[in-house]
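Peer 1: The structure is given below, and queries will be raised subsequently.
The values are calculated or read from the model by the stated rules, or taken from the named source; none is laboratory data. Computed from a predicted structure; not experimentally measured. Don't worry about glycine lacking a Cβ; one is built from the backbone with ideal geometry, like all the others, and counts go over all protein chains shown. The protein model used for the area step is the full one, side chains on, heavy atoms only, and it has no ligands, DNA or RNA in it. Shrake-Rupley method; radii C 1.70, N 1.55, O 1.52, S 1.80 Å.
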There are 2 protein chains.
Amino acid sequence: MRIARAGTAVTKSQLKVLRTEHSHRLVPAVASPAVQSVLPVNEILVGDCLEKLASLPPASIDLVFADPPYNLQLEQTLSRPDQSLVDAVDDDWDKFASFADYDEFTRAWLSGVRRVMKDNATIFVIGSYHNIFRVGTILQDLGFWILNDIVWRKANPMPNFRGRRFTNAHETLIWAGKSAAAKNYTFNYEALKAGNEDCQARSDWFLPICTGTERLKNETGSKTHPTQKPEALLARVLLAASQPGDLVLDPFFGTGTTGAVAKKLGRSFIGIERDETYAKAARARIAAAEPYPDEAVSAAPSKRAQPRVAFASVVEAGLIAPGAMLCDEKKRHRALVRADGTLMLASAGAELSIVGSIHKVGALAQGLPACNGWTFWHVERNGKLAPIDDLRTTIRGALKVAAE
Amino acid sequence: MRIARAGTAVTKSQLKVLRTEHSHRLVPAVASPAVQSVLPVNEILVGDCLEKLASLPPASIDLVFADPPYNLQLEQTLSRPDQSLVDAVDDDWDKFASFADYDEFTRAWLSGVRRVMKDNATIFVIGSYHNIFRVGTILQDLGFWILNDIVWRKANPMPNFRGRRFTNAHETLIWAGKSAAAKNYTFNYEALKAGNEDCQARSDWFLPICTGTERLKNETGSKTHPTQKPEALLARVLLAASQPGDLVLDPFFGTGTTGAVAKKLGRSFIGIERDETYAKAARARIAAAEPYPDEAVSAAPSKRAQPRVAFASVVEAGLIAPGAMLCDEKKRHRALVRADGTLMLASAGAELSIVGSIHKVGALAQGLPACNGWTFWHVERNGKLAPIDDLRTTIRGALKVAAE
DNA sequence: TTCCGCCATGAATCCAACC
DNA sequence: CGGTTGGATTCATGGCGGA
């Protein structure tokens, strides 16, 4: 049995699961020993995704992680404010002639993946607004059952350089079961809760993007793959929805983040990748990966820093009303609170149009280069002046419950 | 003209936009004065969403906020009641049929909404993983252009009682323009940034759900509407993507959160709601809402809206004399001011014939593809270097006085 | 050795007015 | 309508080199 062979440190409860699967599903699926023997565990299949999927036996996979092309549809170049050029994803593999073409491609690979999933297997697909809605629709149309959509909030996203949209600071993962009937999928609820300060794991995850030494580079020092995912993201996926010894399929393997994390966490993997350059880098990477000690294979609580609070959220929360007046401690300067969280300086007789952040307006009022608006501006409550920093403290108390 | 009436402090460039829209779109659309006169500003249209949308003139709306139904099993507007999801989860045909019904409904109302949107209008649609993927796909298929997907992270989501999934702690908003060609949509970038600690606004928003006194209750104490959205969410939408006086459409008005917030923020609204009970609650709520003071909601001055000033007029005004020398902040480059408002680069020993605009010469001096000459070039005054942007500010001040 | 400043960079559907 | 020009625009992090 390849699956049993590939597993490491299988616990009693895990054994029970394996046994159950064996008796109910694996046996019919692997009636032909010839087929079973070719299940390429911990290997990278280099070639076309659909062909390689078709070569795998049905109902053999425990978990799927898929990072398909996003179909970004970029048409121009983009420069940073310092005139440096953004290194965009312009690879051929991300180009599709139309939404219809992208849909056809998506339907094909998702159908192929669904065939090789065990009935209680689940799938994660990651994407952005360019493609994720199409992926989600097709998942539903094919009979998958969505369990959650999950938001990967990026700690350090690329800014919006032209100031014409919100900073695109997240990507979306869809987590789905093979069908609505499959209720006995793996979800390590207790472990996730224990690793999250005894608080249920939420559908929003806060993680940095992949940079630094984790980011693979080629000989010339440029990135090996344009869209390498952070290992922390894959770790959270595998820890949440698989057990040690499980077999994880990644049909868009790239440089093998899924494989490296699977090895570290005591899972097996099968990767499909059509680009030999990526596959080669993945092989070297996975060979160098060291499995963690068994007892370390559990979710680790993440550090949390003091959350940054915007003055706009103080206004939104109703702690101070638009139109209210602020002043400094000595009542020498006054400013009006606006609905969007900016201030308008109320200078005697002068132009009333100075509008800006609490910090900027505080600095302008005093003629200083900078100012901490939180401590400079005060609000009158019960005849006493209190710094608006007190309002921030209130907000932080509420945030602490849920924010990371 | 309702639109001009509603506008406040219309600038020259805005007037031009209005004129363009008037001549190209509004006039043909409102050929019949009777139709124009019935634009039901600040009213709630009680009835079928599609019918009411069809009664509105085309290209008349500045911003749309839509919170469509997504519970297939309870949705009565769908042409076929759906029992298939519960009873026959394995039946792909039934499943497809019910999704198809939802898709048909979605395509219908989104088409109706698109017709009444001005070309530079945008739309926000909110949903969860049950429906948002289908909404996003249909938005794209209808020609809308997605600008962002936005995640509303809930401060206090309902816990997951079964412990079989991640706590569903967010909802998704899709922000889209009417088409990819429409680039001049409203996005109050600078105000959002100023209200967010001078840091550009991200695609993930953290807000509490609607509870407490904000939550409408009926006589028996139960909630009036099952999915009432928090006003803070609507406030952020309106503050980000509309201007005071703009007309906001909400085709699923419910208990009127959009209308109440629009009134408070100096926007107009049109609501469509088929349930008279909800509409009645909304009317009372909006009547009780108090607008914030004008100066708390007026459009924040943005650099983009400032009138253009030619460097030639700075020279003409005598603020800097022909023959004067400019340099960059680090005194690495020097250029001579010419009487016609062009600069001549003074490179050491090399050809002196490089002449061009402040931007071109700045770019050439640094070997960059582009440069903002206003902030790059400096002039020495009283032993200190000041950017020539200061001179532009002086000119603009004079222009402002002359205009009044 | 440590600290500080400078520089590079990340899945990006990223401008608008004028001639 | 297309080409050209004006000029507005960035956050967090890691690496590196000099002090």
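Peer 1: So which residues in the stretch B:98-147 are without any contact (Cβ under 8 Å) to a residue 40 or more places away in the chain, part of a helix (DSSP H, G or I) and either under 22 Å from A:L72 (Cβ atoms) or under 15 Å from the mean Cα position of the chain (by Cα) (or both), if there are any at all?
Peer 2: B:F133, B:R134, B:G136, B:T137, B:I138, B:L139, B:Q140, B:D141, listed by residue number.
Peer 1: Just the residues that are of a type in the set (A, V, I, L, M) and either closer than 23 Å to B:S203 by Cα or more than 16 Å from DNA strand C (Cβ to nearest atom) (or both), please, taken from the stretch B:118-150.
Peer 2: B:A121, B:I123, B:V125, B:I126, B:I132, B:V135, B:I138, B:L139, B:I146, B:L147, B:I150 - these are the residues of the stretch B:118-150 that are of a type in the set (A, V, I, L, M) and either closer than 23 Å to B:S203 by Cα or more than 16 Å from DNA strand C (Cβ to nearest atom) (or both).
Peer 1: Could you please let me know if A:G136 is in contact with a helix residue (DSSP H, G or I) (Cβ under 7 Å, 6 or more places away or on another chain), away from DNA strand D (no atom under 16 Å from the Cβ) and at positive phi?
Peer 2: In short, no.
Peer 1: Here's another thing I want to ask about it. Take residues that are away from DNA strand C (no atom under 13 Å from the Cβ) and at pLDDT 95 or above and tell me which of the helices (runs of 4 or more DSSP H) falling wholly in the stretch A:175-276 contain 2 or more.
Peer 2: Fully inside the stretch A:175-276 and qualifying: A:231-241, A:257-264.
Peer 1: Within the stretch B:126-150, how many residues are surrounded by fewer than 22 Cβ atoms within 10 Å (Cβ to Cβ), among the small types (G, A, S) and facing chain A (nearest Cβ under 7 Å)?
Peer 2: Count: 0.
Peer 1: Among the residues that make up the stretch B:151-160, is at least one of them more than 8 Å from chain A (Cβ to nearest Cβ), assigned to a helix (DSSP H, G or I) and free of Cβ contacts under 8 Å to residues at least 60 places away in the same chain?
Peer 2: Checking the stretch B:151-160: not a single residue is more than 8 Å from chain A (Cβ to nearest Cβ), assigned to a helix (DSSP H, G or I) and free of Cβ contacts under 8 Å to residues at least 60 places away in the same chain.
Peer 1: A follow-up question, please. Kindly list the number of the only condition in (1) open to solvent by 10 Å² or more (accessible area, probe 1.4 Å); (2) without any contact (Cβ under 8 Å) to a residue 60 or more places away in the chain that fails for A:S203.
Peer 2: A:S203 satisfies all of (1) open to solvent by 10 Å² or more (accessible area, probe 1.4 Å); (2) without any contact (Cβ under 8 Å) to a residue 60 or more places away in the chain except (1).
Peer 1: Out of the stretch A:347-397, which residues are among the β-branched types (V, I, T), without any contact (Cβ under 8 Å) to a residue 12 or more places away in the chain and within 12 Å of another protein chain (Cβ to nearest Cβ)?
Peer 2: A:I354
Peer 1: In addition: How many of the residues in the stretch B:287-318 are within 14 Å of DNA strand C (Cβ to nearest atom) and at the interface with chain A (Cβ under 9 Å from one of its Cβ atoms)?
Peer 2: The qualifying residues number 1.
Peer 1: In the stretch A:152-194, what residues are over 21 Å from B:F206 (Cβ atoms), crowded, with 17+ Cβ neighbours inside 10 Å and within 16 Å of DNA strand D (Cβ to nearest atom)?
Peer 2: Answer for the stretch A:152-194, where residues must be over 21 Å from B:F206 (Cβ atoms), crowded, with 17+ Cβ neighbours inside 10 Å and within 16 Å of DNA strand D (Cβ to nearest atom): just A:G163.
Peer 1: So, in the stretch B:277-299, exactly how many residues are open to solvent by less than 60 Å² (accessible area, probe 1.4 Å) and modelled with pLDDT under 95?
Peer 2: 1
Peer 1: Related question: Here is a check on your reading of the model: is B:T375 in contact with a Pro (Cβ under 9 Å, 6 or more places away or on another chain), farther than 30 Å from B:T257 by Cα, of a type in the set (S, T, Y) and not assigned by the TED database to the domain that holds B:V64?
Peer 2: yes
Peer 1: Something else now. Can you pull out the residues in the stretch B:282-311 that are of a type in the set (A, V, I, L, M, F, W, C) and out of contact with any Gly (no Cβ under 7 Å at 6 or more places or on another chain)?
Peer 2: Hits for the stretch B:282-311 are B:A284, B:A287, B:A288, B:A289, B:A299, B:A300, B:A305, B:V309.
The rows are residues; the columns are (1) among the basic types (K, R); (2) more than 16 Å from DNA strand C (Cβ to nearest atom).
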residue: A:P57; (1), (2): no, yes
residue: A:I61; (1), (2): no, yes
residue: A:L74; (1), (2): no, no
residue: A:R80; (1), (2): yes, no
residue: A:Q83; (1), (2): no, no
residue: A:A88; (1), (2): no, no
residue: A:D92; (1), (2): no, no
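Peer 1: For residues in the stretch B:293-318 being more than 14 Å from DNA strand D (Cβ to nearest atom), part of a helix (DSSP H, G or I) and in contact (Cβ under 8 Å) with a residue 24 or more places away in the chain, which is farthest from A:M325 (Cα to Cα)?
Peer 2: Within the stretch B:293-318, the match that is farthest from A:M325 (Cα to Cα) is B:E316.
Peer 1: Same structure, new question: A:D62 passes all but one of (1) more than 14 Å from every other protein chain (Cβ to nearest Cβ); (2) away from DNA strand D (no atom under 16 Å from the Cβ); (3) part of a loop (DSSP other than H, G, I, E, B); which number fails?
Peer 2: (3)
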